[in-house]
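What follows is a set of notes on a single structure, which appears directly below.
The values are calculated or read from the model by the stated rules, or taken from the named source; none is laboratory data. Nothing here was measured: the structure is a model prediction, and the numbers come from that model. Cβ atoms come from the backbone with ideal geometry, glycine included; neighbour counts cover every protein chain shown. Surface areas here come from the heavy atoms of the whole protein model, side chains and all, with no ligands, DNA or RNA. Shrake-Rupley method; radii C 1.70, N 1.55, O 1.52, S 1.80 Å.
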Amino acid sequence: MKNTFIFRSLLVVIISVILVSCNNSRNYSDSSRATGWKFNSKEGGFQVNTNYREQETGPGLVFIEGGTFTMGRVQDDVMHDWNNTPTQQHVQSFYMDETEVTNLMYLEYLDWIKQVFPPSEQKYRNIYNGALPDTLVWRNRLGYDEVMVNNYLRHPSYANYPVVGVNWIQSVEFSNWRTNRVNESILEEEGFTKRNVMYEDVSAESTFDTETYINTPNQVYGGNDEATRGGKRSENYSKNNDSTGLYIRRKDGLLLPSYRLPTEAEWEYAALGLVEIRSYNIYRGRKKYPWNGQYTRDGNRRKRGDQLANFKQGDGDYGGISGWSDDGADITAEVRTYAPNSFGLYDMAGNVAEWVADVYRPIVDDEFNDFNYYRGNVYTKNAINSDGTVKVVTTDSVVYDTLSNGRIVARVLPGEIAQVPVDENETYLRTNFDQSENRNYRDGDKSSGRYYEGFQENDSPSKRMYNAPIHEVTPNENGTLDKKYDESDKRTTLVDDAVRVYKGGSWKDRAYWLDPAQRRYLPQDMSTDYIGFRNAMSRVGSKSKTKKTPKHRR
């Protein structure tokens, strides 16, 4: 009995040592390997988070472990439009929304804007109006769809259906808002900001922005120090005369990276979900859809014959025969109606197509880059005041854009840091980039533009990279907008730098478009009744969440 007790005690000690070793495998030690000085000494020295584990998964997201795959390899190409040339790409690990952004999620965004920037006040009206989805996208000149025009966005019956009628710009602005609200909540929950600060201390002159908090925390919430440092943990730091923990910094690892639109490469990789056909370091076969197999119907014995997504199956067939519907939907469907793919993502085929971050080009330049491919970079930096402080946007300096369709949208809101293009101070003698604007870098598609060789960044609009239509919208003296259509019959393309890629088939598409490799494009300021979006988030740190184990040792 005594020997058994000793053996068990030793076993507990060994296991504890192993667990402690594993838990500290990604953390710092208590002292510097460079100097031998202790970290986080009360007497001073370098203060660092030595207990950091890994990035938390943000609300609504699932983890996507990165890897290599063949991008643009379509199973069918009946269009023969040569814009899906297969390229081998590698995508870093990231996070993606489990479902498409729903009406309920977007209504929360609209409600916040309405509370903080009341549209009843003239100077804020365009902020709210510019964020509203276009419900008129449901109208059809030979169809009766007014029930969707009036109800789809706001009626509770459609609360968990994907939001539509949002253009690419609105999708980006929603992503920015979501980032700030999530990080604002984290700071309150961790006891750094005042309790209920997001409800009681927020107004047009007093908002929270993540980058503003990191760069100049005393300017968030309108400079209200009680709101910014009113949490219990901040109070404890103040009582102990310790100023190091009053504000959270990027180095603390508490705040999450930005919610954003996924890149085209990320979206396609996540939609394919190749992990289910992986064997060791190869893929067993190819996938045509987000699910395994070559067909749109379920092969499972209990669900055999059921459609795995909602899409248009033929002329006049959006759902199947009454009483035994093929896919259970005629327009969009409630999210999570169909089974997820192997990454746990719902509706990566069917329901709605989705905006991605990329500017559209018919080619993917894998000869220059095959790692985290993305076309659309416009590098900026924080604007700096004459006194050296960062320039924070006020209620009197909101930036608006008038879109080609005449809609006015806010592109920067009060409380955010104003941005300016990078200049020669950042680009001098660099080999990896030499200017702020990079959407046209190594474009190479000469057949789409008349001035490919001679185009310069400061050239006139008539000498643009692409000879696409130019619609003019200018304000009149009376405050209305003068809208002029480009009626030229000499335009050679619809592609320009304001055209974005959207991916995936929708409820309105044939099965051909359900292939994740298929790609289409639309001007970024246009919206439809079949395009929505979901968010992604970059992963910082390790590629995998679990330690890899050789298969022969499992």
### Query
Hey, among V495, V501, which residue is hydrophobic (A, V, I, L, M, F, W, C) and within 25 Å of N351 (Cα to Cα)?
V501
### Task
List every residue pair whose Cβ atoms sit under 6 Å apart, with the two residues 6 or more apart in sequence or on different chains, where the first one lies in the range 313-339 and is among the aromatic types (F, W, Y) and the second, anywhere, is modelled with pLDDT of 90 or more.
Y318/K312; Y318/D330; Y338/A309
#### Entry: Positions within the range 330-375 being in contact with a Gly (Cβ under 6 Å, 6 or more places away or on another chain) and polar (S, T, N, Q), in sequence order
N341, S342
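Here's the yes/no breakdown for (1) farther than 22 Å from N440 by Cα; (2) within 26 Å of the chain's Cα centre (by Cα); (3) acidic (D, E):
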position: N467; (1), (2), (3): no, no, no
position: N478; (1), (2), (3): yes, no, no
position: R491; (1), (2), (3): no, no, no
position: K503; (1), (2), (3): no, yes, no
position: W513; (1), (2), (3): yes, yes, no
position: A517; (1), (2), (3): yes, yes, no
position: Y521; (1), (2), (3): no, yes, no
position: T528; (1), (2), (3): yes, yes, no
position: G532; (1), (2), (3): yes, yes, no
### Query
Which one is least open to solvent (accessible area, probe 1.4 Å) among residues in the range 296-327 that are hydroxyl-bearing (S, T, Y) and at pLDDT below 85?
S325
### Task
Would you please name the residue that is surrounded by the most Cβ atoms within 10 Å (Cβ to Cβ), looking only at residues in the range 265-295 that are assigned to a loop (DSSP other than H, G, I, E, B) and polar (S, T, N, Q)?
N292
### Task
Go through the range 325-427 and tell me which strands (runs of 3 or more DSSP E), entirely inside it, have 1 or more residues that are of a type in the set (K, R).
380-382, 408-412
### Query
If you take the residues of the range 328-367 that are modelled with pLDDT under 90 and not charged (D, E, K, R), which of them is surrounded by the most Cβ atoms within 10 Å (Cβ to Cβ)?
V364
### Message
I'd like the full set of residues that are closer than 18 Å to R297 by Cβ and aromatic (F, W, Y), limited to the range 310-345.
### Response
F311, Y318, W324, Y338
### Summary
Subset of the range 173-187, residues surrounded by fewer than 22 Cβ atoms within 10 Å (Cβ to Cβ) and either at pLDDT below 95 or among the aliphatic types (A, V, I, L, M) (or both), comes to V182, I186
#### Entry: Wholly within the range 143-203, helices (runs of 4 or more DSSP H) carrying at least 2 residues that are closer than 25 Å to T395 by Cα
168-189, 197-200
### Query
Which condition does S460 not pass, out of (1) closer than 20 Å to V378 by Cα; (2) among the small types (G, A, S); (3) modelled with pLDDT of 80 or more, if it passes all the others?
(3)
### Task
Working only within the range 302-324, note down all residues that are part of a strand (DSSP E or B) and among the aliphatic types (A, V, I, L, M).
I321
### Message
With the requirement that a residue be surrounded by 20 or more Cβ atoms within 10 Å (Cβ to Cβ) and aromatic (F, W, Y), what does the range 125-140 give you?
### Response
W138
### Task
Give the number of residues within the range 383-410 that are open to solvent by 50 Å² or more (accessible area, probe 1.4 Å) and either in contact with an Asp or Glu (Cβ under 9 Å, 6 or more places away or on another chain) or not hydroxyl-bearing (S, T, Y) (or both).
12
### Matching entry among S542, S506 (being crowded, with 23+ Cβ neighbours inside 10 Å and either modelled with pLDDT under 95 or within 24 Å of Y106 (Cα to Cα) (or both))
S506
### Query
Looking at F94, is it aromatic (F, W, Y), in contact with an Asp or Glu (Cβ under 7 Å, 6 or more places away or on another chain) and at pLDDT 95 or above?
yes
### Query
What are the residue pairs meeting all of these: first residue in the range 468-488, first residue free of Cβ contacts under 8 Å to residues at least 40 places away in the same chain, second residue open to solvent by 100 Å² or more (accessible area, probe 1.4 Å) and assigned to a loop (DSSP other than H, G, I, E, B), Cβ atoms under 6 Å, and 6 or more apart or on different chains?
A468/L494
### Summary
Within the range 64-87, the count of residues that are modelled with pLDDT of 85 or more and either open to solvent by 50 Å² or more (accessible area, probe 1.4 Å) or in contact with a Phe, Trp or Tyr (Cβ under 6 Å, 6 or more places away or on another chain) (or both) comes to 5
### Query
Of all residues in the range 151-164, how many are surrounded by fewer than 24 Cβ atoms within 10 Å (Cβ to Cβ) and touching an Asp or Glu at 6+ places or on another chain (Cβ under 6 Å)?
1
### Query
Can you name every residue in the range 113-124 that is of a type outside the set (D, E, K, R), surrounded by 15 or more Cβ atoms within 10 Å (Cβ to Cβ) and in a helix (DSSP H, G or I)?
I113, V116, Y124
### Residue check for V392: in contact with a Ser or Thr (Cβ under 9 Å, 6 or more places away or on another chain) and of a type outside the set (S, T, Y)
yes
